[in-house]
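Q: Mind having a look at this structure? Questions to follow.
The values are calculated or read from the model by the stated rules, or taken from the named source; none is laboratory data. From a predicted model like this one, the values you see are computed outputs, not experimental measurements. All Cβ positions, even for glycine, are placed from backbone atoms using ideal geometry, and neighbour counts span all protein chains on display.
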């Protein structure tokens, strides 16, 4: 696979470069998004989740809730109602996203047939 290129985001402080490899998950904050990083820090950016769906590589990220996008490589466990990430964060799985998330994670062998 090719290396993932950084994305440039607008923050209240100005433009910032983020390496997608460092993203754990993204959480909607109204018209903004909280980007949670592997180093346990977070950044508020002036983009909605739809913008991230268009700009992050879909082979590495999946929307699992109307308010959350996760980095697939950070998934350590999956149930019908939540995903547990490598730093023990529990992210809810929305009803509308459940089937697609289950199929995608099973295809990547993150979960067994349930």
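Q: Considering each of 62, 4 in turn, give the residue that is touching a residue at least 40 places away in the same chain (Cβ under 8 Å) and surrounded by 18 or more Cβ atoms within 10 Å (Cβ to Cβ).
A: Only one candidate qualifies: 62.
Q: Looking at residue 50 and the list (1) surrounded by 14 or more Cβ atoms within 10 Å (Cβ to Cβ); (2) within 20 Å of residue 101 (Cβ to Cβ); (3) modelled with pLDDT of 95 or more, which single condition is not satisfied?
A: Status for residue 50: all satisfied but (1).
Q: Then there is this: Could you tell me how many of the residues in the stretch 24-34 are closer than 17 Å to residue 66 by Cβ and touching a helix residue (DSSP H, G or I) at 6+ places or on another chain (Cβ under 8 Å)?
A: The total comes to 4.
Q: Please find, within the stretch 78-93, the residue that is farthest from residue 63 (Cα to Cα) out of those that are modelled with pLDDT of 90 or more and out of contact with any helix residue (DSSP H, G or I) (no Cβ under 9 Å at 6 or more places or on another chain).
A: The selected residue is 88.
Q: Check 98, 27, 66 and return the single one that is modelled with pLDDT of 95 or more and farther than 23 Å from residue 13 by Cα.
A: The match here is 66.
Q: Do we find a residue being surrounded by 15 or more Cβ atoms within 10 Å (Cβ to Cβ), in a helix (DSSP H, G or I) and on the phi < 0 side of the Ramachandran plot anywhere in the stretch 76-94?
A: No, the conditions are met nowhere in the stretch 76-94.
Q: Same structure again: Tell me which of these residue 40 doesn't satisfy, since it passes every other one: (1) more than 14 Å from residue 23 (Cβ to Cβ); (2) touching a residue at least 40 places away in the same chain (Cβ under 8 Å); (3) more than 13 Å from the chain's Cα centre (by Cα).
A: (1)
Q: How many residues does the stretch 43-63 hold that are closer than 17 Å to residue 15 by Cα and over 10 Å from the mean Cα position of the chain (by Cα)?
A: Going through the stretch 43-63 one residue at a time, the tally reaches 8.
Q: Moving on. Taking the options 105, 56, name whichever one is closer than 16 Å to residue 25 by Cβ, crowded, with 17+ Cβ neighbours inside 10 Å and at pLDDT below 95.
A: On inspection, the qualifying residue turns out to be 105.
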